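I have placed the structure first, in the form of structure tokens, so that the comments after it can refer back to it.
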Amino acid sequence: MKFDKDSYYQETFTSLSLTNETVKAVEFEECEFKGCSFVGSTFQKCKFISCKLEGCVWSAVNPMNSWFAEVKFFKCKVIGCDWTRASHLQEMEFTDCQLNYSNFAMLKLPKTRMINCQAMEADFTETDLNEGVFTGTDFSRSTFFRTNLSKADLKKAVNYAIDPRNNTLKGTHFSLPEALSLLQFTGYLMQHRL
């Protein structure tokens, strides 16, 4: 299917399949995408406003100069997406999603939510994740460097390697036992043996 209109409002797209396609300058507002696949596709100068994607495959998508505001992904495969190519990201929400190999480096993403996701080998270098919620998310081999995690919620998040010396953790919430991983960077256990 090709999008033949410049804008769509409160429409539902079901089982739509676009592979290696390019969609240009289309606006989606309050739309729902269910069971759709966009593998390898490019969304160029598009807008997604208050949209919901459920059970979709958004792998290797290029969001070139596109705008995403209050978009919710639920049970989606959002693998290998380079979000740095988007022009605007605001209050993104991912629940029960796979975000492996995604690039969020140097983006301002305050209040982003990643709940019970897999974010393995994702890049959060110099990303502003202030007040984000990341409960129950697996961050295996993901990169956190000069990342702002102030007031972020990482309760029950697992497998993260966050060096307190190179990241901003003011008011960040952690839970045991994963919070103990922070100590490996500080040498605290070596200096304060009980």
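Would you check if Lys77 is charged (D, E, K, R) and under 21 Å from Phe28 (Cα atoms)? Judged against the criteria, Lys77 is a match. For Lys155, the requirement of being on the phi < 0 side of the Ramachandran plot, among the basic types (Lys, Arg) and assigned to a loop (DSSP other than H, G, I, E, B) is met. Out of the residues in the stretch 37-58 that are on the phi < 0 side of the Ramachandran plot and in a loop (DSSP other than H, G, I, E, B), which is surrounded by the fewest Cβ atoms within 10 Å (Cβ to Cβ)? By that ranking, first place goes to Val39. Before we move on, is Lys34 buried (at least 18 other Cβ atoms within 10 Å of the Cβ), in contact (Cβ under 8 Å) with a residue 12 or more places away in the chain, more than 25 Å from Leu149 (Cα to Cα) and among the basic types (Lys, Arg)? No; evaluated as a whole, the condition is false for this residue.
Residues in the stretch 9-23 that are farther than 16 Å from Gly40 by Cβ and either loosely packed, with under 11 Cβ neighbours inside 10 Å or not aromatic (Phe, Trp, Tyr) (or both): Gln10, Glu11, Thr12, Thr14, Ser15. The set of residues in the stretch 59-101 that are closer than 21 Å to Lys34 by Cα, of a type outside the set (Phe, Trp, Tyr) and assigned to a strand (DSSP E or B) comprises Asn62, Ala69, Lys72, Lys77, Glu93, Thr95, Gln98.
So that you can scan it fast, the table gives a plain yes or no per residue for (1) more than 15 Å from Leu53 (Cα to Cα); (2) touching a Leu at 6+ places or on another chain (Cβ under 9 Å); (3) not in a loop (DSSP other than H, G, I, E, B):
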{"site": "Lys5", "(1), (2), (3)": "yes, no, no"}
{"site": "Tyr8", "(1), (2), (3)": "no, no, yes"}
{"site": "Phe13", "(1), (2), (3)": "no, no, yes"}
{"site": "Val23", "(1), (2), (3)": "yes, no, yes"}
{"site": "Phe28", "(1), (2), (3)": "no, no, yes"}
{"site": "Phe33", "(1), (2), (3)": "no, yes, yes"}
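Checked against the criterion of being at pLDDT below 90 and assigned to a strand (DSSP E or B), the stretch 160-180 has at least one qualifying residue.
The values are calculated or read from the model by the stated rules, or taken from the named source; none is laboratory data. Computed from a prediction, not measured in an experiment: that's the story for all the values here. So basically every Cβ, Gly included, is an ideal-geometry build from the backbone, and we count neighbours across all protein chains shown.
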